[in-house]
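The values are calculated or read from the model by the stated rules, or taken from the named source; none is laboratory data. What you see is a predicted model, and the numbers here were worked out from it, not measured in a lab. In this analysis, Cβ positions are derived from the backbone assuming ideal geometry, glycine residues included, and neighbour counts consider all displayed protein chains.
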Amino acid sequence: MPPSDYSLRAHLVESLTGIKRPDVPLQVVLRNTAAVIVPMGIGIAMGYPQVGLGVGAGALNTMFSDQPGPYRQRLQQLLLASLAAGLASLIGLLIGDQMLPMLAATAAFGFFGGLLVVFGVDIARVGMTSMILLVITAATPTSPAAALDGALLITAGGLLLTLFSLAAWPWQRYLPERHALAGVYAGLAALARQQRQDDADVPALTDAMTTLQHTLLGRHRSHGRAMEAFGVLLELAERIRLELTAMAELHAEPTVHALFRDDAACVLAAIAATLERGESSDHAGHALQTLQASEQALLGGDDMSGSLAAHIHALSGQLAAAVRNADWAGSGGELRASAAETRLPKALRSSSAWATLRASLTPRSIAFRHAVRMAVSFSLALLVSRVLQLPHGYWLPMTAAIVLRPDFAATFNFGLLRVVGTVLGLVLTTALLHITPNEPWAHLALMAVLCMAFRYLATAHYGIAVAALTGTVVILLSFYGVNPSTAVLDRVLNTVLGCGLALLAYIAWPTWERGRARSALAIMLDAYASYLRALAQPGQRSAHRETRSAARTARSNAQASIERMRSEPATPPALLALARALFANGNRLARTAMTLEALLDDLAGLPVQVELRRFVEQAATAVQATASTLREQRVPCGVSDLRAMQRALLAQLHGHPDRAAVDLLARISDRLVDNVNTLAHVLNHSRPEPLAMLAAPPG
């Protein structure tokens with residue numbers, strides 16, 4: 001096996017210096033902080049500080065369940081997080097001083113909390129929150145009556161945060177949907193301004209379109225007249241994205257192309273602004289009038305032949321429809337869209353929760369292996385903290401629960417950043433408490449600032465966020481009478497031990513990504529083949545949409561798999577190079593397929609429709625054969641010569657009067673053959689070692 005090019009130093013530097021742009025809206029930061037600080041302030045002012053502390057602690061532990069999405073989805077997640085926090089707190093307060101029952105509880109919470117990763121990051125946070133509160137409350141066991149009171153206070157904190165999160169629902173019923181649509185249309189505006197794109201890059205708005213589909217069409221979608229306009233805007237966004245992709249590939253009239261794309265970008269940006277505000281705006285209408293005037297001037301107002309002119313007219317019509325629906329798409333909209341109800345694509349629909357859990361109860365499942373690791377490490381961490389009688393020892397299992405992730409890279413990064421952030425928090429908290437007046441209100445104000453910093457920066461740089469969290473928790477504990485200096489030092493010790501234990505748990509029973517990348521890439525190629533096969537069927541727009549969505553999801557999963565594999569120390573460089581080459585050439589194929597879908601109407605007049613469908617179908621078969629070769633690690637079967645089929649197809653059009661359509665077919669078919677053949681070449685001419693690694697079972 002060739003040595004890995006993994007560099008621990010480079011990984012450390014990347015983890016410590018990689019800062020993302022914060023994506024948490026200010027109103028979310030403020031309402032989450034208010035849910036923590038306000039009850040504490042009221043409790044202190046009214047002489048019931050313990051009540052305020054309990055409610056504030058409950059809000060602090062559930063704030064990360066306040067995530068973007070439809071109000072119904074947000075309500076479900078926050079209620080689930082609040083109830084799980086209350087149940088975990090009740091158990092911890094009741095049996096915290098009993099070793100064997102607590103070990104059984106940590107094993108159960110660890111296993112089922114870890115298994116929740118099958119439902120995504122948001123639901124997995126519910127499991128993590130329950131584990132954290134179980135061990136925190138177990139440090140102060142009490143009587144059944146007092147335990148019930150404490151659990152109810154913590155639940156109340158989560159419910160208060162839920163109330164703050166949903167407060168705008170009656171007045172801004174469609175706010176999450178409008179924001180999701182506005183983000184996509186702003187992305188389309190940026191795409192329109194890009195005159196050229198790298199074919200190897202992931203097609204634009206891949207993740208944003210998937211998120212938007214879930215928001216508008218998912219199980220928690222809203223209902224009402226405005227949602228019909230939202231559905232139309234979703235479909236228009238898909239068509240506009242395809243048109244912009246196709247226009248970039250035409251390479252015709254670059255001046256006309258550039259001018260029209262700039263005008264289209266202005267219209268799209270104005271639509272995004274209209275949706276963001278939720279108000280009818282004349283700005284989008286004025287921008288559309290400018291675009292239509294440019295269309296008239298650039299194309300002479302006649303029915304010009306040529307593919308670019310046809311796509312300019314099509315895009316202009318789509319933008320006009322988007323402007324109309326943007327005016328209707330608000331809680332005050334009265335007009336009904338004419339389109340039929342759109343459903344979430346099959347590829348994005350989840351099965352029932354019980355079916356998903358049952359399917360994951362096997363050692364071959366990533367979630368199952370993570371759940372077992374979590375149960376063992378969580379229980380072991382509690383045992384170590386109790387046997388060694390570590391001061392504030394609950395930080396040890398708490399850290400293990402937070403740091404341990406389903407993949408090595410995330411576990412390493414979270415562990416490293418948590419240690420660094422804790423040390424930074426020690427310095428920060430010591431300095432701030434030294435200069436802050438020793439008064440409850442001054443400490444509460446400082447805690448509010450640190451809480452806001454933690455919530456705002458958690459997705460930007462986890463290490464800096466942990467530094468703010470360290471200060472937040474230490475000040476919170478100071479209201480319980482815990483000495484701040486002692487609490488910080490104990491936290492550092494337990495954090496280091498917890499991070500080390502989590503990393504050891506992963507190394508003891510790893511799930512290396514190199515054993516799963518083969519499947520993710522093969523699924524991606526299969527999805528591309530299905531997309532091409534759907535394009536070979538005339539008039540099947542719903543099938544085009546379904547298979548395009550499935551391909552987008554498969555592409556995102558493959559990209560995430562490669563990124564995880566890149567951060568693992570055992571990945572051979574040849575294997576990573578092969579995976580990257582397959583992914584990059586898969587992106588080229590995806591762009592070609594999207595362009596072909598947008599150009600189907602332009603090619604409909606050519607007298608070779610049967611032959612064209614057969615050619616696209618054969619291309620799909622060739623891609624599927626490449627996927628099978630990758631999945632099964634076998635010698636590829638012989639397939640038809642696509643290049644010969646393409647030449648025969650074009651030969652039948654020799655002398656056809658519509659030279660523009662013929663040239664268009666020549667370009668797109670040449671690209672399709674080149675994309676398909678390149679994928680097969682990359683795989684078939686790779687060294688046998690990386691192919692064997694891609695085909696190895698997970699280990």
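Odds and ends about this structure:
- Thr411 vs. criteria in a helix (DSSP H, G or I) and either surrounded by 22 or more Cβ atoms within 10 Å (Cβ to Cβ) or in the same structural domain as Pro25 (by TED's automatic domain parsing) (or both): yes
- Screening Leu426 with (1) more than 25 Å from the chain's Cα centre (by Cα); (2) closer than 30 Å to Leu103 by Cβ; (3) touching a residue at least 40 places away in the same chain (Cβ under 8 Å) gives one miss only, at (2).
- Restricting Gly187, Gly278 to those that are touching a helix residue (DSSP H, G or I) at 6+ places or on another chain (Cβ under 9 Å) and modelled with pLDDT of 85 or more reduces the list to Gly187.
- Positions within region 13-58 being of a type in the set (Ser, Thr, Tyr), touching a helix residue (DSSP H, G or I) at 6+ places or on another chain (Cβ under 9 Å) and under 24 Å from Leu417 (Cα atoms), in sequence order: Ser15, Thr33
- Only listed residue being at pLDDT below 95, surrounded by fewer than 17 Cβ atoms within 10 Å (Cβ to Cβ) and either within 30 Å of Val387 (Cβ to Cβ) or assigned by TED's automatic domain parsing to the domain that holds Ala156 (or both), chosen from Leu60, Leu53, Leu100, Leu26: Leu26
- In region 114-145, residue surrounded by the fewest Cβ atoms within 10 Å (Cβ to Cβ) [restricted to those that are farther than 15 Å from Ala57 by Cβ, free of Cβ contacts under 8 Å to residues at least 60 places away in the same chain and of a type in the set (Gly, Ala, Ser)]: Ala145
- A single member of Ser82, Ser15 is farther than 20 Å from Thr470 by Cα and hydroxyl-bearing (Ser, Thr, Tyr), and it is Ser82.
- Number of the exception - Pro406 against (1) within 23 Å of Val117 (Cβ to Cβ); (2) assigned to a helix (DSSP H, G or I); (3) modelled with pLDDT of 85 or more: (2)
- The residue that is modelled with the highest pLDDT, among those in region 478-515 that are surrounded by fewer than 21 Cβ atoms within 10 Å (Cβ to Cβ) and more than 30 Å from Ile136 (Cβ to Cβ), is Trp512.
- Qualifying residue in region 603-613 (condition: in a helix (DSSP H, G or I), under 29 Å from Phe408 (Cα atoms), in contact (Cβ under 8 Å) with a residue 24 or more places away in the chain and not assigned by TED's automatic domain parsing to the domain that holds Met247): no
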